[in-house]
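Notes follow the structure.
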Amino acid sequence: ASQWVSLGFSTGMLYFPTKMMEAYKAETFEGDAATLFTFALGIFGLQLFLSSMMAAAMARDAVPKHVQSLSCFCQGLGWLFFALNDGALYARGLWPHAMPPESLQVNLGIFVALAAICFSGWAEGGYEVPDMGVLPEGRPALPLVVACANLLFFGVGCAFFTEAFVDLFLPGVLQSLPAPTTSARGFFSTKEVPAGPLEGAPPLLLLIFANAGKCILVNIASLLSIASVGDETVAYRLLRVVSLANVFYLGMFSREGVLAVATGWPSPMRLSTFVQCFGTTYYCCASFAGMPFTLLQEGRKESDEAAARGRTLLEGGEAARGQRAVPAAYNTGAEWVGSGGRPTRGEQRHANGGPATRVMCQPTALLPPRTCASRHTHT
């Protein structure tokens, strides 16, 4: 449910921003204010798109159950955070008057319902929690951390230094927009030129920029939390998602160049932003594309059956004639043979200290060729 709702919100923000605001019965903008409004919603929509892709990647049958449990927990916390964030603004009288309270109430209902659904999935998977202080492991670890560091710059700037951060990239644009009138239509306001009956209330555009930054920070926390309890394969799935989102953003970045030319807005940070984001994207894409990974294709049920057969064989003390015992730390994709369930970090290692995920799988009578061929076979 979280995957599809995030995708729906991101589709509206990225492709139909004005129609989306009209559906909310919110005030819309005109002229340069409308252009900046579209720009802001695009940033927010991209982060919701990333959240949707993370949920989809972790929902695959081959992903371990405990990882899926934590994924549900992170998604639930994200929805609950925005319910509390937006609800607190309204309770304090700081909700932008351009957005009617009725629309906010609909959003809060959706957010709370999604949080409840996600938390039920978390409970079903065993109440998995992040392994605090543990960074991603394996070869995807460094590029995944680099991608999060790149996002952190934009997340902190938009969330905590909103107006100054926007002014850094588009100097003077906020102040050049039409002055406040009695209606929110056709104008934009800043803290320097406040508007509306609620003194100090953040204008709708600044609220969107700020919430986009908070969504970035929620995504970073989710990425690192999920990676903290997963193995190298889980980190690889996350890296692939982040890489695709970064490629998507480069397309948006080229669109921003068209906006700068059409509006005449100054963009002094464009070159440095391109170097930073293109470099991060290239490094992430080159890393995951260059890894000889083959992700598990079968569902968890088949993997569980293979694990059970392997465990029975090992407990018997002697492999049947023509069969080969599965290594005790072999990752079946659902459970770890010999551990009785989810492995600890120590159980994911061989006796010689090598990563358990680098076990070479060979076709045997115990594990049929189709099953073995579906697993990554790098050494």
Original post:
Which of (1) closer than 20 Å to Val156 by Cα; (2) surrounded by 20 or more Cβ atoms within 10 Å (Cβ to Cβ); (3) out of contact with any Asp or Glu (no Cβ under 8 Å at 6 or more places or on another chain) is the odd one out, the single condition Arg237 does not satisfy?
Top reply: (1)
Subject >> Residue that is surrounded by the fewest Cβ atoms within 10 Å (Cβ to Cβ), among those in the stretch 6-37 that are at pLDDT 90 or above and hydroxyl-bearing (Ser, Thr, Tyr) >> reply: Tyr15
Subject >> the stretch 18-45 residues that are within 16 Å of Val173 (Cβ to Cβ), paired with ones that are in a loop (DSSP other than H, G, I, E, B) (beta carbon under 6 Å, 6 or more apart) >> reply: Glu30/Gly186; Asp32/Leu177; Ala33/Leu177; Ala33/Phe188; Phe37/Phe29
Original post:
Taking interchain pairs and intrachain pairs at least six residues apart, which have beta carbon atoms under 7 angstrom, with the first residue in the stretch 105-126 and at pLDDT 95 or above and assigned to a helix (DSSP H, G or I) and the second loosely packed, with under 15 Cβ neighbours inside 10 Å and not polar (S, T, N, Q)?
Top reply: Leu114/Ala1; Ile117/Ala1
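Please go through the stretch 74-94 and give me each residue that is over 13 Å from the mean Cα position of the chain (by Cα) and under 13 Å from Leu114 (Cβ atoms), ordered by number. Quick ask: steps written out before the conclusion?
Narrowing the stretch 74-94 to residues over 13 Å from the mean Cα position of the chain (by Cα): 80-94.
Passing the criteria: Leu80, Phe81, Phe82, Ala83.
Quick one: which residue in Glu102, Glu163 is assigned to a helix (DSSP H, G or I), farther than 29 Å from Ser225 by Cβ, open to solvent by 70 Å² or more (accessible area, probe 1.4 Å) and touching a residue at least 24 places away in the same chain (Cβ under 8 Å)?
Working: Glu163 fails: open to solvent by 70 Å² or more (accessible area, probe 1.4 Å).
Unique residue meeting the criteria: Glu102.
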**OP:** Quick one: count up the residues across the stretch 128-143 that are within 23 Å of Leu295 (Cα to Cα) and of a type in the set (Gly, Ala, Ser).
**Re:** 2
Subject >> Residue in the stretch 222-232 that is open to solvent by 10 Å² or more (accessible area, probe 1.4 Å), hydrophobic (A, V, I, L, M, F, W, C) and either under 14 Å from Phe39 (Cα atoms) or assigned to a helix (DSSP H, G or I) (or both) present >> reply: yes
Original post:
Can you name every residue in the stretch 257-279 that is more than 17 Å from Phe165 (Cα to Cα) and either polar (S, T, N, Q) or outside any helix (DSSP H, G or I) (or both)?
Top reply: Thr263, Gly264
Subject >> Subset tally (residues that are closer than 22 Å to Leu48 by Cβ and either open to solvent by 60 Å² or more (accessible area, probe 1.4 Å) or among the small types (Gly, Ala, Ser) (or both)) for the stretch 111-127 >> reply: 7
**OP:** Give me the pairs, please: first residue somewhere in the stretch 265-282 and closer than 12 Å to Tyr249 by Cα and surrounded by 12 or more Cβ atoms within 10 Å (Cβ to Cβ), second residue anywhere and at pLDDT 95 or above and of a type in the set (Val, Ile, Thr), beta-carbon distance under 7 Å, and either six or more positions apart or on two chains.
**Re:** Thr280/Val146; Thr281/Val247
Original post:
Just one of Phe153, Phe82 is open to solvent by less than 70 Å² (accessible area, probe 1.4 Å) and modelled with pLDDT of 95 or more; which is it?
Top reply: Phe82
Subject >> Only listed residue being at pLDDT 90 or above, in a loop (DSSP other than H, G, I, E, B) and open to solvent by 10 Å² or more (accessible area, probe 1.4 Å), chosen from Pro171, Pro180 >> reply: Pro171
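The values are calculated or read from the model by the stated rules, or taken from the named source; none is laboratory data. What you see is a predicted model; the values in this text were computed from it and never measured. For neighbour counting, all protein chains shown are included, and Cβ atoms are generated from backbone atoms with ideal geometry for every residue, glycine included. The accessibility values were calculated without ligands, DNA or RNA, using every heavy atom of the protein model including side chains. Shrake-Rupley method; radii C 1.70, N 1.55, O 1.52, S 1.80 Å.
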